[in-house]
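The values are calculated or read from the model by the stated rules, or taken from the named source; none is laboratory data. Since this is a predicted model, take the numbers as computed values, not measurements. Positions of Cβ are generated from backbone atoms using ideal geometry, with glycine treated the same way; all protein chains shown enter the neighbour counts.
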Amino acid sequence: MNSFDVAIIGGGVIGGAIAFELAAEKLSVLVIDRQQPGREASWAAAGMLSPGPDAPESLPMVPLAKESLRLYPEFVAATESASGKSTSFVREGTLQIFPGPHGETEREKMASEYRRLGLAMEPISFESARKLENRLDQRRTL
């Protein structure tokens, strides 16, 4: 029978990161996942990291999320060095489209909230977004 110092339930990004850090401290770690590791919440997030709140009740998490995002490139470098593999990590940002007749108002409301929280963002017009992503179709967003 095997014995471990620590058992981690969940093999997504967070469980894997915890296991990585504990193993670096020479602890014996077991990671258990009910599915294929990395195929649940981590898979659904599609590798995106955003400190921006997705709902009002997430506002208290913004400082932690900002600090996590600041530290993430260092963590990526450590895991790439330890594994000898690339994560293909890039910092390109995302587009958030605000469709409909009130889209511009909603965009400005979000921009104001992000500025208040000290989050980086740049409001752009739909036309500018379309230059970045030509598959955006004005007819489908109204």
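Here is how the numbers come out for the structure above:
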item	result
Enumeration of residues in the stretch 93-128 that are part of a helix (DSSP H, G or I), among the hydrophobic types (A, V, I, L, M, F, W, C) and modelled with pLDDT under 85	126
Filtered residue count, the stretch 63-77, keeping only those that are closer than 25 Å to residue 132 by Cα and either surrounded by 13 or more Cβ atoms within 10 Å (Cβ to Cβ) or of a type in the set (Val, Ile, Thr) (or both)	1
Pick from the stretch 27-48, criterion small (Gly, Ala, Ser) and at pLDDT below 90, ranking: surrounded by the most Cβ atoms within 10 Å (Cβ to Cβ)	42
Condition met for residue 80 (closer than 30 Å to residue 24 by Cβ, loosely packed, with under 13 Cβ neighbours inside 10 Å and not hydrophobic (A, V, I, L, M, F, W, C))	no
Long-range neighbours under 7 Å by Cβ, at least six apart or interchain, first residue over 11 Å from residue 96 (Cβ atoms) within the stretch 118-130, second among the acidic types (Asp, Glu) and outside any helix (DSSP H, G or I)	none
Those residues of the stretch 87-114 which are of a type in the set (Ser, Thr, Tyr) and free of Cβ contacts under 8 Å to residues at least 60 places away in the same chain, in sequence order	87, 88, 94, 105, 112
From 51, 99, 123, residue being surrounded by 12 or more Cβ atoms within 10 Å (Cβ to Cβ), over 24 Å from residue 24 (Cα atoms) and in contact with a Ser or Thr (Cβ under 7 Å, 6 or more places away or on another chain)	99
Any hit, the stretch 70-87, residues being in a helix (DSSP H, G or I), closer than 24 Å to residue 123 by Cβ and out of contact with any strand residue (DSSP E or B) (no Cβ under 8 Å at 6 or more places or on another chain)	yes
Some residue of the stretch 108-122 being closer than 30 Å to residue 23 by Cβ and among the polar types (S, T, N, Q)	no
When residues of the stretch 129-138 are limited to those that are outside any helix (DSSP H, G or I) and among the charged types (D, E, K, R), the one nearest to residue 64 (Cα to Cα)	133
Within the stretch 40-73, tally of residues that are touching a Gly at 6+ places or on another chain (Cβ under 8 Å) and not hydrophobic (A, V, I, L, M, F, W, C)	3
